[in-house]
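Q: Just dropping this structure here.
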Amino acid sequence: MKKPSVTFALNTSLQLLFRGQYPMTFDNLRFLRSGLPMKKRLDLLAHGVRFMMRSGVAAGIPPIVQLEPSNVCNLGCLTCPTGAGLMKRAPFAMPFYTYRNVIDQIKDHALLLVFWSWGEPFMNKDACRMIRYAKDCGLFVHSSTNGHFFTVKEQARALIDSGLDSLIVAVDGLDQQTYEKYRKRGNFKHVIKSIENLISERSKAGARHPLLTFRFIVMKHNEHQLEGVRDFAKDLGVDVVTFRSAVIRRKGVDLENSLAPKTPRFRRFINNSGPLAVSMIKAEKNYCHRPYANLTILSNGDIVLCENDFDATLPLGNVAKKSILEILSSDQSRQLYKEFCFDLNSFSFCRECELRDTKHTTANVQTIFLNSELHDNNKNNSRKLSLYSMDIEGETA
């Protein structure tokens with residue numbers, strides 16, 4: 001991953017200080033927050049300085065917080081730690097009181113709440129209530145789902161009423177046969193019904209949000225459907241289509257032969273094994289922003305350096321036992337941040353990271369905006385929030 005340039009940092013700082021605008025990027029979708037109070041502007045500037053210095057200590061509560069509502073899932077996706085049975089953590093849904101405690105601590109610092117990690121977030125029975133609480137605290141909330149939980153209109157309306165800003169729905173096929181090859185136990189018709197209900201209930205409510213993204217992970221068995229995805233998604237009425245490269249290997253799982261697409265631009269890895277990959281990793285400058293730019297909190301309350309530490313092998317602390325700032329300023333956290341800063345290879349989840357040996361610095365290869373009116377209006381709506389693309393390729397249909 002490339003280090004941000006001094007020019008980029010300076011421009012971002014000036015935009016923040018004088019205009020009160022701050023861009024946040026997650027999963028290569030960029031969210032712009034405007035109208036920030038001066039206190040939060042100064043807090044973000046201080047965080048940015050500490051981040052750029054990379055002193056080996058946590059830079060306080062970052063603008064992006066990723067929280068895992070549940071590490072349980074109804075599907076069995078082939079390379080997901082949860083779906084593939086790689087995760088050793090006990091199944092757990094974060095209680096609302098723990099969640100509320102977290103939000104109360106981050107609301108004066110964070111701007112974007114990423115409401116998922118491992119597992120299906122909407123398997124937490126309090127998911128919509130959780131989103132509503134975060135919205136009432138002034139956070140922008142972005143989530144992702146496999147789309148099986150809104151087949152009933154009342155469920156869809158509850159999500160619309162929660163105030164969720166952005167939702168990704170994963171649909172990796174245009175029919176059941178293709179879809180279920182990766183998303184085991186999934187029901188294609190249920191996913192499409194959920195999308196239709198969300199669009200219908202959003203319209204009935206006269207709401208602009210959530211912005212709905214149709215996510216298509218490109219793999220060998222579905223790349224023949226690429227040309228039809230845009231029209232299929234547009235007919236459904238979603239706002240955005242994203243094409244994503246697939247994770248084809250994790251520790252204990254290597255599905256290159258069965259999953260990697262033939263289309264070069266959608267292949268994530270340059271080389272998956274052997275001396276070439278090792279030499280490329282060693283030669284690459286040691287730089288990763290995730291532990292500094294994102295705070296990751298798992299469903300059991302553990303704070304970890306990165307979501308790829310899905311079993312919390314190196315927890316910084318637990319939010320049920322200490323405050324977030326106490327955890328980030330502890331000797332244990334300082335030591336782990338220092339090790340990460342100066343020797344990234346000391347962590348197994350870094351050595352095995354799927355982004356260490358890739359052609360792209362992002363998993364998203366292409367983004368297409370299908371609803372240009374919503375995209376344009378969203379830049380200047382009353383909540384002063386907008387979403388726009390920073391992907392390798394982006395266009396408006």
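The values are calculated or read from the model by the stated rules, or taken from the named source; none is laboratory data. On a predicted model such as this, the values are computed, not experimentally measured, just so you know. Methodologically, a virtual Cβ is constructed for each residue, glycine included, from the backbone with ideal geometry; neighbour enumeration extends over all protein chains shown.
Q: In the set A58, A84, which member is at pLDDT below 75, crowded, with 16+ Cβ neighbours inside 10 Å and in a loop (DSSP other than H, G, I, E, B)?
A: The match here is A58.
Each row is one residue, and each column tells you yes or no for (1) more than 23 Å from D311 (Cβ to Cβ); (2) not aliphatic (A, V, I, L, M).
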site	(1), (2)
V49	yes, no
G85	no, yes
L112	yes, no
F122	no, yes
Y133	yes, yes
V141	yes, no
S144	no, yes
E154	yes, yes
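Q: Which number in (1) farther than 22 Å from F96 by Cβ; (2) surrounded by 20 or more Cβ atoms within 10 Å (Cβ to Cβ) marks the one condition that I303 misses?
A: It is condition (1) that I303 fails.
Q: So which residues in segment 285-328 are modelled with pLDDT of 90 or more, part of a strand (DSSP E or B) and closer than 21 Å to C80 by Cα, if there are any at all?
A: Of everything in segment 285-328, those that are modelled with pLDDT of 90 or more, part of a strand (DSSP E or B) and closer than 21 Å to C80 by Cα turn out to be L295, T296, I297, D302, I303, V304.
Q: Is it the case that F115 is more than 16 Å from the chain's Cα centre (by Cα), buried (at least 17 other Cβ atoms within 10 Å of the Cβ) and at pLDDT 95 or above?
A: Spelling it out, it is not the case that F115 is more than 16 Å from the chain's Cα centre (by Cα), buried (at least 17 other Cβ atoms within 10 Å of the Cβ) and at pLDDT 95 or above.
Q: Every residue in segment 90-112 that is more than 30 Å from R41 (Cβ to Cβ) and surrounded by fewer than 18 Cβ atoms within 10 Å (Cβ to Cβ), please.
A: Correct list: A90, P91, F92, P95, F96, Y97.
Q: Looking only at segment 87-106, which residues are of a type in the set (F, W, Y) and assigned to a helix (DSSP H, G or I)?
A: F96, Y97, Y99
Q: Within segment 319-348, track down each residue that is more than 17 Å from T98 (Cβ to Cβ) and of a type in the set (K, R).
A: Of everything in segment 319-348, those that are more than 17 Å from T98 (Cβ to Cβ) and of a type in the set (K, R) turn out to be R334, K338.
Q: Considering only segment 350-383, state which residues are modelled with pLDDT of 70 or more and either crowded, with 18+ Cβ neighbours inside 10 Å or not in a helix (DSSP H, G or I) (or both).
A: C350, E352, C353, Q366, T367, I368, F369, L370, N371, listed by residue number.
Q: Something else about it: Which ranges mark the helices (runs of 4 or more DSSP H) fully within segment 107-208 that have 1 or more residues being over 19 Å from G76 (Cβ atoms), of a type in the set (S, T, N, Q) and free of Cβ contacts under 8 Å to residues at least 24 places away in the same chain?
A: The qualifying helices (runs of 4 or more DSSP H) are 188-204.
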